[in-house]
Each structure stands twice: as structure tokens, then as C-alpha cells.
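The values are calculated or read from the model by the stated rules, or taken from the named source; none is laboratory data. If you're wondering where the values come from, they're calculated on a predicted model, not measured in any experiment. Heads up, the Cβs are rebuilt from the backbone with ideal geometry, glycines too, and the neighbour counts pull from every protein chain shown. For the accessible areas, the whole protein counts, side chains as well, though only heavy atoms, and no ligand, DNA or RNA atoms are used. Shrake-Rupley method; radii C 1.70, N 1.55, O 1.52, S 1.80 Å.
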Amino acid sequence: VQLQASGGGLVQAGGSLRLSCAASGRTFSSYSMGWFRQAPGKEREFVAAISRSGHSTYYADSVKGRFTISRDNAKNTVYLQMDSLKPEDTAVYYCAAAYYTANYYAENGYDYWGLGTQVTVSS
């Protein structure tokens, strides 16, 4: 599976962005999907994840209520809608795919990673 994230950019605090992650291949619906982010000087951290069907979603406490993860299996794409953005959301955002994972929140639960997309939130 090859993943390509897009949609990053510069936005003012309080604004919104929608990230997309397009996956290659015809087995997208077999993978759980996740978003992680890495801020300068910090370790990469979990942001959100969604099950294969899209029926279950998981969020980091820091983004709960502001970010929404969704997927369109017909389009092989997962989305991250980010609202009420804060300067501390500034980071490179990565999407990842897991054929099987027992832990949506851990990096090592994912098999494939895309290149990141930069999100910068100005105050």
C-alpha cells in the first residue's frame, strides 16, 4: 500500500483544514487507518484512527472534539477534518495503514506510512 497525504498549509488559529490521504491498491478497505503528527523537536504522536469499516474512531485527548477522522473506501481515501486549530497543532502530519493492529494508538501497530504534510497554525 502506498499512501499520499495532502491538504496541509498555513492557517490562522481558530481556522480549519482538511487533510486527505490517498491509498493505492484495491484492498484499502482491509486496512485500519491512522493519523500521526510530529512537531519540531518532539516525538511523533498519535492523532486519530479509524477502523476498516469506518464504524469505530479513536482520538488523542488533545484533538478530541476538534478533529474528525473519516474514510471513503470507494475512493481509497481517509480524511482528517481539523477545526478550531491551535498553534500547538503545528506539525508534520502522517497517515498510516494497518492490516491488523491490536493498538490503534501505537506507531508500531501500523504497516505502511506516507510522507507527511506540513500544517502550520499561526497565532
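At a glance:
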read-out	value
Heavy-atom accessible area per residue - the range 18-96, 1.4 Å, Å²	47
With DNA, RNA and ligands ignored, accessible area of Lys42 (1.4 Å probe; Å², nearest 10)	140
The range 68-123 - percent of accessible surface contributed by carbon and sulfur, probe 1.4 Å	48
Estimated Rh, the chain: Kirkwood, alpha-carbon pairs, angstrom	14.1
Modelled label reach - Arg26, point 7 Å along Cα→Cβ, the range 63-81 residues with backbone N closer than 17 Å	73-77
With DNA, RNA and ligands ignored, accessible area of Phe46 (1.4 Å probe; Å², nearest 10)	20
³J(HN,Hα) computed for each position of the range 73-78 - Karplus, 6.51 cos²θ - 1.76 cosθ + 1.60, integer Hz, glycine/proline x	5, 5, 9, 6, 9, 10
Histogram of C-alpha separations across the range 42-91, 10 Å bin width, %	23, 51, 24, 2
Calculated log₁₀ intensity ratio I(q)/I(0) where the Debye formula runs over C-alpha points of the range 26-66, q = 0.15, 0.29, 0.30 Å⁻¹	-0.44, -0.98, -1.01
